[in-house]
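Novice: What follows is a single structure, and I will ask about it in a moment.
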Amino acid sequence: MTEVLEKYIPEAAVVPTFELIKRNHVHLKIVNERVSRHGDYRKLPDGDHQITVNANLNRYRFFITLIHEIAHLVAFQKYGRLIKPHGLEWKRTFQQLMLPFIRPEIFPTHLLPLLAIHFKNPKATSDTDTRLALALKQYDPENDKNYIFEIPLGGHFRLYNGKIFKRGNQRVKRYECLEVATGRMYLFNPNAEVEFLK
């Protein structure tokens, strides 16, 4: 298992992460990319715990996702299955699990202040933290995608599912975008990755 982890997470995090996996009886599956999520946790009918993480994530995003999912498992075990999936109990658990890893042996120094800010009140996904998401993206392989905030006002873009949108005004944090085919308005996070149609 440590040989597998070495391919996906920072080297200095491998041994303590393996201990977390062993202690919590996690069956880790590394899966093909899912557009809707980076990872998930579920309790199997036999009582085992399965965590899946997308194989295409860079090592820092993969690691954060893995700890995020382990936090679900630990929070459910500690507080019961009736807690909100990303409620206060999960946030505290995620903070406690991540704190020992927020150090320069594991993360590049320029990510450390962004991680410290993010983990004061972690969200359901690090993607909603625009500054952290952009900083993590620089470790992704090159692609031809643009962020919503890079699309000019009135510009058109396509999603992974083929739907085409026209970018509208920015609200407080998100952007109004009109689906061209239906005329319905949607709100997009500024760092959503899309294909710009020039």
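Novice: Report the calculated FRET efficiency for Gln50 and Val15 (r = Cβ-Cβ distance, R0 = 30 Å), to the nearest 0.05.
Specialist: With R0 = 30 Å, the Cβ-Cβ based efficiency is 0.85.
Novice: If I fit a long axis through the Cα atoms of helix 14-23 and take the longest principal axis of the Cα atoms of the chain, what angle between them do I get, 0 to 90°, rounded to 10?
Specialist: 70
Novice: While we're here: Taking θ as phi - 60°, what are the ³J(HN,Hα) couplings along the range 188-198 by the Karplus curve (6.51, -1.76, 1.60), each to the nearest whole Hz, with x for Gly and Pro?
Specialist: Residue by residue, the range 188-198 yields 10, 5, x, 9, 5, 8, 9, 9, 6, 9, 7 Hz.
Novice: If you stretched the chain out fully between Lys120 and Lys163, how much longer would it get, using 0.36 nm times the residue separation minus the C-alpha to C-alpha distance?
Specialist: In short, 11.9 nm is gained.
Novice: Lys and Arg at +1, Asp and Glu at -1: add these up for the other residues within a Cβ distance under 12 Å of Thr93 and post the number.
Specialist: +1
Novice: Using a ≥ b ≥ c from the Cα gyration tensor of the range 10-68 (square roots of the eigenvalues), is it rounded, prolate or oblate, where a/c under 1.5 gives rounded and otherwise the larger of a/b and b/c decides, a/b for prolate?
Specialist: Taking the square roots of the gyration eigenvalues as a ≥ b ≥ c, the range 10-68 is oblate.
Novice: Distance in nm between label sites at Thr130 and Met1, each 7 Å beyond Cα in the beta-carbon direction?
Specialist: Distance between label points: 4.0 nm.
Novice: So, one more: Greater than 22 Å separation of Cα atoms is the criterion. Which listed pairs, Lys7/Lys145; Lys7/Lys43; Lys123/Lys163; Lys123/Lys173; Lys29/Lys163; Lys84/Lys120, meet it?
Specialist: Those over the limit are Lys7/Lys145; Lys7/Lys43; Lys123/Lys163; Lys29/Lys163.
Novice: Rounded, prolate or oblate: pick one for the range 146-197, where a ≥ b ≥ c are the square roots of the eigenvalues of its C-alpha gyration tensor, a/c under 1.5 means rounded, and failing that, prolate if a/b is larger than b/c, else oblate.
Specialist: Cα axes put the range 146-197 in the oblate bin.
Novice: What's the angle, to the nearest 10 degrees (0 to 90), between helix 88-98's Cα axis and the longest principal axis of the chain?
Specialist: The two axes meet at around 70 degrees.
Novice: For the range 47-151, what's the relative contact order in percent, using C-alpha pairs closer than 8 Å and at least 6 residues apart?
Specialist: 22
Novice: Continuing with the same structure: Applying the Karplus parametrisation 6.51 cos²θ - 1.76 cosθ + 1.60 with θ = phi - 60° to the phi angles of the range 4-11, what ³J(HN,Hα) value in whole Hz is obtained for each residue in order, glycine and proline being reported as x?
Specialist: 5, 4, 4, 6, 10, 10, x, 4
Novice: Right, next: What spacing in nm lies between the two simple spin-label points modelled at Glu105 and Leu197, each 7 Å away from Cα in the Cβ direction?
Specialist: Calculated label separation equals 5.1 nm.
Here, each number is a calculation from the coordinates, and none is a lab measurement. Remember, predicted model here, so these are calculated numbers, not experimental data. Please note: Cβ atoms are built from the backbone with ideal geometry, for glycine as well, and neighbour counts cover all protein chains shown.
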